[in-house]
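Student: Attaching a single structure in structure tokens format; questions to follow.
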Amino acid sequence: MSKEIQNYIDTSTIIDAIDPGSRFHTAVISALRQIVGSFAFSEYMEIELKGVLRKSRFNRRKDILLRNYANLKQRFNTTWIPNNRDVITLHNQSRRLERLVRRLCGGVRIRFPDIVHIGICGLKNIENIISEDWHIHGRNRHGDPFIVIVREVISQNIRNVNNPIRAYMCRLGRPIRTV
Amino acid sequence: MRKSYPELFNDLSRLYLIRDILIAKLADGIEITLTEAERMVDDMIDNPELLDLMKLFDEFFYITSWYPERIVRSYRYRLELFVNKTIGLAEYGILLSLTKSELEQKLIDIKDRLLKNKQIFPELKRLIPLFLKQFKKRKEEHGYYE
């Protein structure tokens, strides 16, 4: 029996998907519909999303956008990743790894929450990460993908992880594989 | 015993972060909206002076950028800066893993602790923007902190 593919969605993609005022909204929703497999939403990402909705230009529409997010969660086949001990350990250790990751990425300012989001995919064996943020789906000047560098650093310093192996972005209306 | 200003500032930051996490945990988008969750948590704090101080922290976090990915990056940067300079990442991690009732209890404990030093709230109101200004080492480039 083949294993179902799991996809993790990052906060920036979620915002495009729930905000009808975004010029990428239709394209992202259309791309998410084309993605095969189930989606994983994490409590870590959700707390970040709610913080962003309250502390930015979305503040006036935060209730509508959060309702859209709740509907999105119901519409897609989603699994839930709570902030358990593994995630919190990853969160605590990521700060220590931030400098090493930045050096390996050629000075790119990867923040520790980026490492946590990529690390959650590793902990839960999620193969695909979907993000519009270049700091997650991008590559350094040598062509090495950031997700691979972060995965290796987590494997060497916290726990051996094999995922994520692919990164996608959705703004062009179909899932574009960047790694 | 009267506490020092940095200690009180740290307690206020702790209260602010707990308030944020509790609002995020209470709001589900359908039964409880973010506005309702904010009102519920503010009712728990139930002190106009403390709520005024909380609003000063909101100004530090408010992001004016237009693009979602930049907003997320700015938020990550400012949260990292704020947590590192105040309560530390380990304690923030613990707060993230607490349940709603545990967070509520913690919120009430810290609120009571702060209210014992109520007389220096006006002075704190003057000092908080100065403390927060020191956090911003680099200038905002291209409309966001990167």
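Student: Please give the helix A:62-75 orientation as an angle from the longest Cα principal axis of chain A, in degrees from 0 to 90, rounded to the nearest 10.
Tutor: Orientation of helix A:62-75: about 80 degrees from the principal axis.
Student: Looking at B:ALA90, B:ALA24, B:LEU34, which one has the Cα that reaches farthest to the positive end of the dipole of the range B:8-113 (charges on Cβ: Lys, Arg +1; Asp, Glu -1)?
Tutor: Among B:ALA90, B:ALA24, B:LEU34, the one farthest towards the positive end of the dipole of the range B:8-113 is B:ALA90.
Student: Would you tally the net charge around A:ILE130, using a Cβ to Cβ cut-off of less than 15 Å, leaving A:ILE130 out, and scoring K and R as +1, D and E as -1?
Tutor: That works out to 0.
Student: Taking amide H atoms as placed 1.01 Å from N in the peptide plane, list the residues 5 or more away in sequence, or in a different chain, whose amide H sits under 5 Å from that of A:ILE9.
Tutor: Answer set, sorted by chain and number: A:ALA40, A:ILE130.
Student: Then there's this: For A:ASN125 and B:GLN119, what does the FRET efficiency come to when R0 = 56 Å and r is the distance between their Cβ atoms, rounded to the nearest 0.05?
Tutor: 0.55
Student: Quick one: angle between helix A:112-123 and the longest Cα principal axis of chain A, in degrees between 0 and 90, rounded to 10, please.
Tutor: With both axes taken from Cα atoms, the answer is about 90 degrees.
Student: Below 13 angstrom from the Cβ of A:ILE176, what's the summed charge of the other residues (Lys, Arg +1; Asp, Glu -1)?
Tutor: Working: positive: A:ARG166, A:ARG171, A:ARG174, A:ARG177; negative: A:GLU132.
That works out to +3.
Student: Right, next: With the contact rule set at Cα under 8 Å and sequence spacing of 6 or more, what percent relative contact order holds for chain B?
Tutor: Result for chain B is 39 percent.
Student: Using the Cα centre as the reference, give the magnitude of the dipole from point charges on the C-beta atoms of the range A:92-179 (Lys, Arg: +1; Asp, Glu: -1; all else neutral), rounded to the nearest 20 debye. Intermediate results must be reported in sequence, preceding the final value.
Tutor: Details: 16 positive and 7 negative charges, 33 e Å.
Once rounded to the nearest 20, the dipole reads 160 debye.
Student: Which FRET efficiency value, to the nearest 0.05, do you get for B:LYS3 and A:ARG103 by plugging their Cβ-Cβ distance into 1/(1 + (r/R0)^6) with R0 = 45 Å?
Tutor: 0.65
Student: Pairs of Cα atoms under 8 Å, at least six residues apart: use those to get the relative contact order of the range A:1-104, whole percent.
Tutor: Numbers: 78 pairs, mean separation 30.9, N = 104.
Value for the range A:1-104: 30 percent.
Student: If you don't mind, there's one more thing I want to ask. Write down the radius of gyration of chain B and its Dmax, each obtained from C-alpha positions, in Å.
Tutor: When restricted to Cα atoms, chain B yields Rg and Dmax of 15.5, 47 Å.
Student: Would you mind checking the tilt of helix A:85-104 against the longest principal axis of the Cα atoms of chain A, expressed as 0 to 90 degrees and rounded to 10?
Tutor: 70
Student: Mind giving me the FRET efficiency for B:TYR67 and A:SER30? R0 is 22 Å, r the Cβ-Cβ distance, nearest 0.05 is fine.
Tutor: Here the calculated transfer efficiency is 0.65.
Student: For A:ARG139, what residues show an amide H to amide H distance below 5 Å, using hydrogens built from the backbone and excluding near sequence neighbours?
Tutor: Amide H neighbours of A:ARG139, under 5 Å, 5+ apart: A:PHE146.
Student: Give me the base-10 log of I(q)/I(0) for the range B:3-81 at each q in 0.12, 0.20, 0.27 Å⁻¹, Debye formula, one uniform scatterer per Cα, rounded to two decimals.
Tutor: Taken in order of the listed q values, log10 I(q)/I(0) reads -0.41, -1.05, -1.29.
Student: Here is a follow-up. Taking other Cβ within 10 Å of each residue's Cβ, how do B:ILE120, A:ILE29, A:ILE136, A:ILE81 sort, fewest first?
Tutor: Ordered by Cβ neighbours within 10 Å, fewest first: B:ILE120, A:ILE29, A:ILE81, A:ILE136.
Student: Shifting gears a bit: When you look at the Cβ of every residue in B:91-97, what mean number of other chain Cβ atoms sits within 10 Å?
Tutor: Rounded to a whole number, the mean comes out at 5.
Student: Using only the Cα atoms of the range A:90-135, what are the Rg and Dmax in Å?
Tutor: 10.7, 28
Student: Taking the Cα centre of chain B as origin, work out the dipole magnitude from +1 charges on Lys and Arg Cβ and -1 charges on Asp and Glu Cβ, in debye rounded to 20.
Tutor: Computed about the Cα centre, the dipole is about 780 debye.
Student: If you don't mind, there's one more thing I want to ask. How large is the dipole of the protein assembly as shown about the Cα centre if only Lys and Arg carry +1 and Asp and Glu carry -1, each at its Cβ, rounded to the nearest 20 debye?
Tutor: Its charge dipole is roughly 960 debye.
Student: Residue by residue through the range A:49-57, what is 3J(HN,Hα) from phi via Karplus (6.51 cos²θ - 1.76 cosθ + 1.60, θ = phi - 60°)? Round to whole Hz and write x for glycine and proline.
Tutor: These are the phi-based 3J(HN,Hα) values: 4, 5, x, 4, 5, 7, 10, 8, 5 Hz.
Student: Once all Cα-Cα distances of the range A:21-179 are split into 5 Å bins that start at 0, what whole-number percent is in each one?
Tutor: 2, 9, 17, 20, 22, 16, 11, 4, 0
Student: Compute the signed sum of charges (Lys and Arg +1, Asp and Glu -1) over the other residues within less than 14 Å, Cβ to Cβ, of A:PHE76.
Tutor: +2
Student: With both partners inside chain A, how many of the DSSP beta bridges are antiparallel, as a percent to the nearest 5?
Tutor: 20
Student: Using only the alpha-carbon atoms, what does the protein assembly as shown span along each of its principal axes? Please give whole angstrom values in decreasing order.
Tutor: Cα extents, longest axis first: 64, 42, 39 Å.
Student: Shifting gears a bit: How many percent of DSSP beta bridges within the protein assembly as shown run antiparallel, rounded to 5?
Tutor: 25
Each value in this text was obtained by applying a stated rule to the coordinates, not by laboratory testing. Computed from a prediction, not measured in an experiment: that's the story for all the values here. Cβ sites come from the backbone with ideal geometry, for glycine too, and all protein chains shown count toward neighbours.
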